[in-house]
1. Could you give me the residue pairs with C-beta distances under 8 Å whose first residue belongs to segment 99-121 and is over 27 Å from PHE51 (Cα atoms), whose second residue is modelled with pLDDT of 85 or more and in a helix (DSSP H, G or I) wherever it lies, and which are 6+ apart or on separate chains?
2. May I ask you to say which residue of ALA106, ALA85, ALA111, ALA127 is at pLDDT below 80 and surrounded by 10 or more Cβ atoms within 10 Å (Cβ to Cβ)?
Amino acid sequence: MLGPAGSFRLPNFLMPPLMNNHGNYIVSLGNVCRWLAAKAEALGVEIYPGFAAASLVYNEAGAVTGVITGDMGVEKDGTHGPAYAPGMALMGKYVLIGEGARGSLAKQLIAKYKLSEAANPANTASASRSSGRSSRRTTNQAWSSIPSAGRST
């Protein structure tokens with residue numbers, strides 16, 4: 001513990017379990033992401049770093065078939081600057097939205113398909129934050145109602 005008079009070690013029984021890193025590895029998140037990106041690209045995954053998805057693309061059946069990246073080169077006042085480039089459409093057979101509990105595209109999907117009606121928001125948010133697993137009772141019923149371009153509904 002560090003204080004105005006200096007530092008001293010806390011006894012092990014006072015140490016919170018989350019602060020015990022004995023036997024764990026300390027890694028650089030940037031290096032782990034680069035390593036994972038190389039593995040994914042070797043499997044044929046296309047990665048577009050630096051591009052945020054701005055909107056969703058739907059087919060005639062209402063299924064999500066892609067995303068559109070944000071426009072580049074837009075000035076602060078909203079006008080097109082000299083380096084303006086419109087966002088590009090990234091299409092796929094399956095589209096996975098993994099932007100967290102407060103993502104803007106996830107909010108669009110929740111509103112369009114009324115997903116919040118069949119789910120408990122407190123359970124859904126905590127399930128998405130913890131290890132990526134969801135409560136079968138609360139979230140799977142709602143999210144499985146989204147039409148998919150890759151499967152029949």
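The values are calculated or read from the model by the stated rules, or taken from the named source; none is laboratory data. Not measured: the values here are computed from a predicted model. Because the Cβ atoms are built from the backbone with ideal geometry, glycine has one as well, and the counts that use them run over all protein chains shown.
1. Sorted first by the residue in segment 99-121, then by its partner, the pairs are SER116/ILE110.
2. Being at pLDDT below 80 and surrounded by 10 or more Cβ atoms within 10 Å (Cβ to Cβ) holds for just one of ALA106, ALA85, ALA111, ALA127, which is ALA127.
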